[in-house]
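The values are calculated or read from the model by the stated rules, or taken from the named source; none is laboratory data. No experiment lies behind these values; they were computed from the predicted model shown. Note: ideal-geometry Cβ built from the backbone for every residue, glycine included; neighbour counts use all protein chains shown.
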Amino acid sequence: MIYFDNAATTFPKPPAVTEEMVRCMREYGGNAGRSGHVLAVRAAEAIYDCRAELAAFFGITKPENVVFTANTTGALNLVIGGLARYGDHFLISDMEHNSVARPMAALREKGVITVGTFHAMAPEQEILRGIEKQITPYTKAVVAIHASNVCPAVLPIREIGALCRKHGILYVVDAAQSAGIYDIDVTRDHISALCVPGHKGLYGPQGSGAVIFADDFPFSMLAPTVFGGNGVRSEESDMGREPPESYEAGTLATPGIAGLCRGVRFLSSLGTEAVRQKERELYRHVREELCNMPDVRVFMPWAEEGSLILFTGKEKSGSAIAASLADRGICTRAGLHCAPSAHRVLGTGGDAVRVSFSVFNTLAETDRFLSALRAVLKE
Amino acid sequence: MSRRIITVSSPTYATKGARILSKSGIPARVTHLHASQTLRGCTSGVEIRPPDEGRALDTLSAAGIPVTGVVILG
């Protein structure tokens, strides 16, 4: 089997991730913050270790500003839902994943907010002008992807962050496809809230994710969106506005968080530059070969690097190609990739094949994929 | 001898506080107090030796740890 669906979730994981999850469940799987016995305290220590690793990895000094979620979608909903107030204006790109597009649409349909969009596939200065001209006195935040989940488009987050800071608005980044791959520093890049999945580029398990809030994030502006027990001030009905517990109702996924901690340590030992270099090599090889296939249309072929590549057949649909590849033991993903607006911008027709890499993929695997694709296209 | 527990606003701050104190040479361990032991219901805290109380409070304050009180048990 060849796994080229890492944009959905990375597979495999480093062995230490699985080992730690099993160790947690066998040795210290108590409920953190609920009791003072040894298992609860050890679980709390493991969770704090992960907060500290993520804080250091993403350039903040406060581990308590790392709030765990189940995934990026949970992280984005926590931030968007928590920030939105009646009359607020938000700006998003025209290539957002449904994890941004849908909560925005839901709030807009309820009449709570208005939403403006800026063009993501444009030169940097045009992107910045597109954002700046739409900022109003009611603009609360820019909420946007860092890297697209369907093509190699990457937004200039440092410049957008600087622009948001200049105008006194918040900047929320969907780093689902960039966390662990690109060098992201929440402080340096003027990011207010960075939403990350644990299970993609950070090589943690599914069911893990986080929001990394800036050291100076104004939590008074962020209302909790999930209410319940959190081991804090139980006699009070108010969840409060103090991170992380005010935004983490219910029992945390301790084994998943323990595993995620190992994933982040694995990445820290590698470095994001090494990850990008590896994925760039795979991407360029596949791009070159795909562009030489007359029956294939590659989207954004001019991009010199990426973690994923999107293509479709001129005669065969993306879904048919992906199904045939799956029959040959090659895992890809076809369709809209939960990002219909990105597909509209790219003009894919709504059905294209995405091939996405991880550090565990090899050039030999890409050659086997390309051979299989040639055979599929001849069918 | 009585026990000294510096209560803080969350389990996360209890862990953070204990580590900061330990790094500063003040022995500390995370603990959890029940509602009957506090005025605020269940709460997390850091247990230190009574002679270290003053230094521990100063260290936690300098680190920005929100201290909610000191509970003396025993």
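Without any contact (Cβ under 8 Å) to a residue 60 or more places away in the chain and crowded, with 24+ Cβ neighbours inside 10 Å: which single residue out of A:VAL115, A:VAL211, A:VAL142, A:VAL196 fits that description?
A:VAL142
Could you list, ordered by first residue, the pairs with Cβ atoms under 6 Å in which the first is in region A:21-45 and at positive phi and the second is crowded, with 17+ Cβ neighbours inside 10 Å and not basic (Lys, Arg), at least 6 apart or interchain?
Final answer for the pair search is A:GLY33/A:ALA44; A:GLY33/A:GLY231; A:GLY33/B:PRO11.
Please verify whether region A:63-81 includes one or more residues that are within 11 Å of chain B (Cβ to nearest Cβ) and over 20 Å from the mean Cα position of the chain (by Cα).
So far as region A:63-81 goes, yes, one or more of its residues are within 11 Å of chain B (Cβ to nearest Cβ) and over 20 Å from the mean Cα position of the chain (by Cα).
Would you pick out the residues in region A:1-56 that are within 14 Å of another protein chain (Cβ to nearest Cβ), within 30 Å of A:ALA147 (Cβ to Cβ), among the hydrophobic types (A, V, I, L, M, F, W, C) and buried (at least 20 other Cβ atoms within 10 Å of the Cβ)?
Of everything in region A:1-56, those that are within 14 Å of another protein chain (Cβ to nearest Cβ), within 30 Å of A:ALA147 (Cβ to Cβ), among the hydrophobic types (A, V, I, L, M, F, W, C) and buried (at least 20 other Cβ atoms within 10 Å of the Cβ) turn out to be A:ALA46, A:ILE47, A:CYS50, A:LEU54, A:ALA55.
For region A:61-83, name all the residues that are over 16 Å from A:ALA101 (Cα atoms), part of a helix (DSSP H, G or I) and touching a strand residue (DSSP E or B) at 6+ places or on another chain (Cβ under 8 Å).
The one that is over 16 Å from A:ALA101 (Cα atoms), part of a helix (DSSP H, G or I) and touching a strand residue (DSSP E or B) at 6+ places or on another chain (Cβ under 8 Å): A:ASN65.
Do we find that A:ALA334 is crowded, with 19+ Cβ neighbours inside 10 Å, not in a helix (DSSP H, G or I) and not aromatic (Phe, Trp, Tyr) in this structure?
yes
Only one residue in B:GLY54, B:GLY69, B:GLY17 is modelled with pLDDT of 95 or more, more than 10 Å from chain A (Cβ to nearest Cβ) and under 28 Å from A:TYR247 (Cα atoms). Which one?
Being modelled with pLDDT of 95 or more, more than 10 Å from chain A (Cβ to nearest Cβ) and under 28 Å from A:TYR247 (Cα atoms) holds for just one of B:GLY54, B:GLY69, B:GLY17, which is B:GLY17.
Would you mind finding the one in A:LEU377, A:LEU373 that is surrounded by 21 or more Cβ atoms within 10 Å (Cβ to Cβ) and touching a residue at least 24 places away in the same chain (Cβ under 8 Å)?
Among A:LEU377, A:LEU373, only A:LEU373 is surrounded by 21 or more Cβ atoms within 10 Å (Cβ to Cβ) and touching a residue at least 24 places away in the same chain (Cβ under 8 Å).
Which of the strands (runs of 3 or more DSSP E) contained wholly in chain B include at least 3 residues that are out of contact with any Asp or Glu (no Cβ under 8 Å at 6 or more places or on another chain)?
B:43-48, B:67-73
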